[in-house]
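The values are calculated or read from the model by the stated rules, or taken from the named source; none is laboratory data. Worth saying up front: this structure is predicted, and the values here are computed from it rather than measured. Here the Cβ is made from the backbone with ideal geometry for all residues, glycine too, and neighbour counts use every protein chain on show. The protein model used for the area step is the full one, side chains on, heavy atoms only, and it has no ligands, DNA or RNA in it. Shrake-Rupley method; radii C 1.70, N 1.55, O 1.52, S 1.80 Å.
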Amino acid sequence: MQGKFITIEGTEGVGKTTNIAFIQDWLSDKNIGFLSTREPGGTPLAEEIRSLLLMPRTETVCDTTELLLMFAGRAQHLDKVVIPALDAGQWVVCDRFTDATYAYQGFGRGMDKTLIAHLEQLVQKELRPDLTLILDIPVEIGLHRASKRSTPDRFEQEQVSFFDRVREGYLCRAAENLDRYAVIDASKTLDEVQAAIHSALEDFYLQSQRKID
Ligand code: T5A
């Protein structure tokens, strides 16, 4: 049986990395075999593409280059890691996926959503996440949390208005497809955020079990 594909999304510093550890514990408690990965990245080649994308540089990266690099890394990641794991029945937990492309390149950069949809179809065929958790937080709080940790990457150097558009992008996508998305208020305490994630995972798990029965 195919594994389930769970993605976790949000603007900068929303707590994706922190909460993926919580999701891993939940999967272990349920005795579900899983693989945890991230985008951009997830294979040696895709990690090299990630470095190219995140490294601050003096040369301006044109929007089309950025978009194609995202999908180039994704094609490699899907072929080598995600699809083989799902086919083997493992669940895959991925830190960001194509919703990030719609949010950052589509809403943030203003790129054509139809073009993104074409590339999505080309690279993913029918594959879409089964569940997407969107950690939602006012942009300034997320940037403040992220700033405590590391020097800003190329995206983190963007203006707040860019991330406001990205956040709006995530919320728009969630509003269009309530079945697949769970929007979590990530401005709350970690315990409260994890209680909300736990509830979304349990709902999803119950629905999956009902489909099997
Ligand atoms: N990108 C990606 C695109 O533009 N298009 C695409 O298609 C894709 C796939 C890299 C960049 O790539 C772009 C988007 C990104 O800019 P990334 O490294 O995954 O992606 O993104 P970041 O958002 O930079 O990831 P971070 O690792 O910075 O943030 P996290 O993982 O969301 O946050 P985390 O868990 O490290 O938490 C940040 C801090 O907050 C604290 C944590 O302890 C930590 O110190 N924290 C909380 N504090 C208080 N209360 C809570 N509830 C907290 N939760 C966490």
Expected output is a single nm value to one decimal: the length gained when fully extending between SER161 and SER28, i.e. 0.36 nm times separation in residues minus the C-alpha distance. What is it? 44.0 nm
Suppose every K and R has +1 on its Cβ and every D and E has -1 on its Cβ; what is the size of the dipole of the chain about the Cα centre, in Debye to the nearest 20? 220
Distance in nm between label sites at MET1 and HIS198, each 7 Å beyond Cα in the beta-carbon direction? 2.4
Measuring from its Cα centre, the range 36-114 shows a charge dipole (+1 at each Lys and Arg Cβ, -1 at each Asp and Glu Cβ) which, in debye to the nearest 20, is 80
Å² per residue, accessible surface of the chain at 1.4 Å: 50
Testing the spin-label approximation: label points 7 Å from Cα along Cα→Cβ at ARG210 and GLU176. State their distance in nm. 2.6
What residue among PHE155, PHE107, PHE71 shows peak mean-square fluctuation when the chain is described by a Gaussian network model with Cα springs under 10 Å? PHE155
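Rounded to a whole number, what % of the accessible area of the chain do carbon and sulfur atoms account for, probe 1.4 Å?
52
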Sites removed, the longest contiguous part of the chain containing no DSSP-loop GluC sites (Glu not before Pro) with at most 10 other Cβ within 10 Å is 127-213
One finds the C-alpha centres of the range 1-38 and the range 99-154 to be spaced, in Å, by 17
Residue-normalised 222 nm signal for the chain, counting each DSSP H run of n ≥ 4 as -39,500 (n - 2.57), nearest 500 deg cm²/dmol, is -16000 deg cm²/dmol
Highest to lowest packing among 178-191, 87-100, scored as the average C-beta count within 10 Å: 87-100, 178-191
Under the Kirkwood approximation for Rh and a Cα-based Rg, what ratio Rg/Rh is obtained for the range 68-206? 0.96
